[in-house]
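Okay, structure first, notes after.
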Number of protein chains: 2
Amino acid sequence: MRMAELSAASGMPVATVKYYLREGLLQPGERTSPNQARYGEEHVQRLKLIRALLDVGGLSVATVGEVLAAVDSHAPTHEVLGLAQRALVGSAKDVDEEPRAWALGVVTDLATRHGWKAEPESPTVAALVLTLCTIRDLAQAHDGLLARLDDYATLADRIAEVDLDTVTSLPSLDGIVEATVIGTVLGDRLFFALRRLAQSAESGRRFVPQEG
Amino acid sequence: MRMAELSAASGMPVATVKYYLREGLLQPGERTSPNQARYGEEHVQRLKLIRALLDVGGLSVATVGEVLAAVDSHAPTHEVLGLAQRALVGSAKDVDEEPRAWALGVVTDLATRHGWKAEPESPTVAALVLTLCTIRDLAQAHDGLLARLDDYATLADRIAEVDLDTVTSLPSLDGIVEATVIGTVLGDRLFFALRRLAQSAESGRRFVPQEG
């Protein structure tokens, strides 16, 4: 199909499609003349994925570019997942030496108990360290959250199993990598909303006064 | 303390503190002369909370304002939590009628099975509807994720119990509301990172070739 048809099929303005082409988010079409190219169903699919990552995932254009570069790199699956996760987590702000050492200790112990790899230079570990330091800094009253870290970690293990079950139910390698990206970004939005509904129900049970 | 001391105690520039005062995120100090005010420990605490919501939670200044207005409103706890959640979820984009009806049906059935309230006009339900429609639209291959909605919902129930246990372990009402906001925003960031580490471990077990 031509650019105008790709625009119609994806429901995006031509200018938007050209912008994603320029930014490298969308692979070029097959050139048929100096001014024209032909696009296929894979371009429509890719545009849907871009839209999902931007609108529902709330990622920036730059982050979407990094994630898609990882998907397109054809490196071994585990490596691509690492690259995609790295792009999604982003870079965390620096924290002071003392709280950083404390939080790294907490994360290392937790990782040992749960069989996780927690390399201090990993962006996920850095994000976790920043979050823990912030929680500790806010008030001693929030120790309750830290005391339940293992409960949360155990539930994270259960969710990761479901996540990977979902992902491995797909046939091809490309499918696995793309599904993991979708699972990571949209799965987070999904779970965020489910957690809100469950919290609201639990909060209603505990806090709403019973009618007499 | 005076403005300069509040700035030092919070580690924020005076201009930033004044900006939060103007935006209503920080309550005014006690006026001691036409040009001076006195601030207390509660101002330092509030600044830490603002910083956490902005930096770690990734919220906008406007959203932080809405969340803090809910915290400060002194309405009944369950109502304040609803207001805070509403501000956090934001407003979802519109979706077409047919996919919307399908997604609402999925959410309503799920909510019935899990004892949740799922009012169609709630922002959380709208966010869930948008996410489900996006996943369905991306490819039939992503049905795997939808098929595991109940698994995710069951784990969300378990997490909500831990969330509310954390929150109710605090003594005062103000503490509960503030802790829930912290738990909601930072708890999401925390769980996001834990899920990444658990996924990475699970992905390593399943995808990394074993050395001979």
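The values are calculated or read from the model by the stated rules, or taken from the named source; none is laboratory data. The structure displayed is predicted, hence computed values, not measured ones. Heads up, the Cβs are rebuilt from the backbone with ideal geometry, glycines too, and the neighbour counts pull from every protein chain shown.
Determine, yes or no, whether B:Ser203 is in contact with a Lys or Arg (Cβ under 9 Å, 6 or more places away or on another chain) and either at pLDDT below 90 or more than 8 Å from chain A (Cβ to nearest Cβ) (or both).
Spelling it out, it is not the case that B:Ser203 is in contact with a Lys or Arg (Cβ under 9 Å, 6 or more places away or on another chain) and either at pLDDT below 90 or more than 8 Å from chain A (Cβ to nearest Cβ) (or both).
In the stretch A:110-137, what count of residues is obtained for those that are in a loop (DSSP other than H, G, I, E, B) and within 7 Å of another protein chain (Cβ to nearest Cβ)?
4
What tally of residues in the stretch A:52-69 results from selecting those that are surrounded by 15 or more Cβ atoms within 10 Å (Cβ to Cβ) and free of Cβ contacts under 8 Å to residues at least 12 places away in the same chain?
Residues in the stretch A:52-69 being surrounded by 15 or more Cβ atoms within 10 Å (Cβ to Cβ) and free of Cβ contacts under 8 Å to residues at least 12 places away in the same chain: 1 in total.
Would it be correct to say that B:Arg100 is at pLDDT 95 or above and either closer than 30 Å to A:Ser203 by Cα or away from chain A (no Cβ under 11 Å) (or both)?
no
Any chance the stretch B:24-40 includes a residue that's among the hydroxyl-bearing types (Ser, Thr, Tyr), part of a helix (DSSP H, G or I) and surrounded by 10 or more Cβ atoms within 10 Å (Cβ to Cβ)?
No, that holds for no residue.
Among (1) assigned to a helix (DSSP H, G or I); (2) more than 10 Å from every other protein chain (Cβ to nearest Cβ); (3) farther than 16 Å from A:Gly24 by Cα, there is one condition A:Ala75 misses while meeting the rest; what is its number?
Failing condition for A:Ala75: (1).
Inspect the stretch A:145-163 for any residue being within 7 Å of chain B (Cβ to nearest Cβ) and modelled with pLDDT under 80 and give the result as yes or no.
Yes, the conditions are met somewhere in the stretch A:145-163.
Quick one: would you say A:Leu26 is modelled with pLDDT of 80 or more and in contact with a Lys or Arg (Cβ under 8 Å, 6 or more places away or on another chain)?
yes
Of B:Arg100, B:Arg31, which residue is out of contact with any Lys or Arg (no Cβ under 7 Å at 6 or more places or on another chain), outside the structural domain of B:Ser7 (by TED's automatic domain parsing) and among the basic types (Lys, Arg)?
It is B:Arg100.
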